[in-house]
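S.K.: This is the structure I have questions about; it appears just below.
Values quoted throughout were computed directly from the atomic coordinates according to the rules given, and no laboratory measurement underlies them. Treat the numbers as computed from the prediction; the structure is a model and nothing was measured.
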């Protein structure tokens, strides 16, 4: 619910912008989607007239992207820190560290993750989508895969396709986890599945891909069977 606000003095537009973004985040947290979000709703929550919103954001897309950008940056920062900690372990392990950090963010912040990747966002044309705030996350993964390529790591797919395959795989795993299960035991399963994706697409220099087609069991498979047997 909006509260009566103090009118900012001239030159304090930055404070109003911050209040608007805080209002958007409150509404998104409450509603869990952007469908009901309108400029009027944000204005009412902030306690200003709708034209005041347009002084800072040109439309709903601009507003939503700005509100979510700090969450994308938070995820990208956690991936970067994990990457740096694995700096001495080689390019594949640095990629693995980033993917694990992505998975852990999704598991520990399900509400934020749903808003970032599981909720339909405002439509935007192709040229504009190139500037989506999620690019800090995809760019981090792309840099890690490019580093593997430059180090001579055998890769089962072209770099761009490999990035998309990894992201689609871990995102799908997290979405299923959010939709079907609510269990702390999910973390090792999700990370095991992420490892399987990495190991099937890129390996360290001088290493060959392992043929696991005849392997009937794995830690991930055992954990999945154990989890499913409880439902």
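S.K.: Mind checking the angle between helix 186-199 and the chain's longest principal axis? C-alpha axes, 0 to 90 degrees, to the nearest 10.
M.R.: Long axis of 186-199 versus the principal axis of the chain: about 60 degrees.
S.K.: Give me the extension gain from residue 225 to residue 109: residue separation times 0.36 nm, minus the current Cα-Cα distance, reported in nm with one decimal. Walk me through the numbers on the way to the answer.
M.R.: Working: separation 116, 0.36 × 116 = 41.76 nm, distance 2.53 nm.
Value of the extension gain: 39.2 nm.
S.K.: If I stretch the segment between residue 38 and residue 209 completely, what's the gain in nm (0.36 nm per residue apart, minus their alpha carbon distance), one decimal?
M.R.: Contour length minus Cα-Cα distance gives 56.5 nm.
S.K.: With no solvent and one equal point scatterer placed on each C-alpha of the chain, evaluate the Debye formula and give log10 I(q)/I(0) for q = 0.10, 0.11 Å⁻¹, two decimals.
M.R.: These q points yield log10 I(q)/I(0) values of -0.58, -0.67.
S.K.: If contacts are Cα pairs under 8 angstrom and at least 6 residues apart, what is the relative contact order of the chain in percent?
M.R.: 19
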